[in-house]
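Contents: one structure, followed by commentary.
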Amino acid sequence: MTTYHQHRPALTATLVALLLGACTAPAPNQTEPPVEPAPPPDIAVPDPGETEEFLDLIDTAERALADDRLLTPEDDSAYLYYQQASAMAPNHPATRRGFERIVERYLQLAQLAMEREQWSQARSMLARAEYVDRSHTGIASIREQLEALANAERLVLRLDRTALRQRTSAIASELMEFGQHARSDNARVSIRVPSDADGRWIYQQLSRSPGERLIRGRIEIGLPPQVTVLLLPSGN
């Protein structure tokens, strides 16, 4: 019996290497996640109250205030410049104080007008103060004083300039008698004279009048010479 042997061709080394290489082929490249860019550094926002524009407005407002350009002219007033500065930095201490100083100046002007008995001028100054800041606590007290003075009983002694210069006994007696009004309760005395020496002499003659109450008054240099006594309502 004949035996047949089946012969299989031997694998060459090259073929083996190719087959092994196919089994160990590298995996396809994996895409790495993108790197997020670093956030930009914080940019500091300048304080509006420290900018050059704001500080320039405050300087300009200060100059206008010093020149008594308070509300007028409208395009070059302290009030306008403080408003512009306040729009840049609301409620900034510099602007709050600026508005307050405008009101205080108007109150000073009102008092000066009251001393000269310029009642309409005094009321006008108070109205402007109210326009800037109606809530200012000083306005009400000045208005009360103004109305009391404007409505007070007014006694006026007009003096002859020659008799005053010569210090006659007649004018001295006239002043002593008038001094009784100056000693009244709630009396305010104003002495208008050509010189301080005249004012002191008149005050001495008024003080010769009977009574204990000290005479309080102010001396104003001017003409014609006279003594004015305002008798305020009780309680003022």
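For this structure, a couple of remarks:
- Residue match in region 85-105 (condition: within 30 Å of R192 (Cα to Cα), in contact with a helix residue (DSSP H, G or I) (Cβ under 6 Å, 6 or more places away or on another chain) and in contact (Cβ under 8 Å) with a residue 12 or more places away in the chain): yes
- Residue, surrounded by the fewest Cβ atoms within 10 Å (Cβ to Cβ), within region 133-166, restricted to residues that are of a type in the set (K, R) and in a strand (DSSP E or B): R158
- Within region 173-199, if we keep just the residues that are among the hydrophobic types (A, V, I, L, M, F, W, C) and surrounded by fewer than 18 Cβ atoms within 10 Å (Cβ to Cβ), the residue that is farthest from Q145 (Cα to Cα) turns out to be A197.
- Scanning region 200-231 for residues that are open to solvent by less than 20 Å² (accessible area, probe 1.4 Å), out of contact with any Pro (no Cβ under 8 Å at 6 or more places or on another chain), in a loop (DSSP other than H, G, I, E, B) and of a type outside the set (G, A, S) turns up just one, I215.
- Test: residue in region 71-92 that is on the phi > 0 side of the Ramachandran plot and open to solvent by 30 Å² or more (accessible area, probe 1.4 Å): yes
- Selected residue (criterion: farthest from V132 (Cα to Cα)) from residues of region 50-95 that are of a type in the set (V, I, T) and not in a helix (DSSP H, G or I): T51
- Residue in region 155-178 that is within 37 Å of the chain's Cα centre (by Cα) and of a type in the set (S, T, N, Q) present: no
- Residue check, R143 without any contact (Cβ under 8 Å) to a residue 40 or more places away in the chain and in contact with a Gly (Cβ under 7 Å, 6 or more places away or on another chain): no
The values are calculated or read from the model by the stated rules, or taken from the named source; none is laboratory data. These numbers come from a predicted model, not from an experiment. No Cβ is skipped: glycine too gets one built from the backbone with ideal geometry, and neighbour counts run over all protein chains shown. Surface accessibility is based on the protein's heavy atoms, side chains included, excluding ligands, DNA and RNA. Shrake-Rupley method; radii C 1.70, N 1.55, O 1.52, S 1.80 Å.
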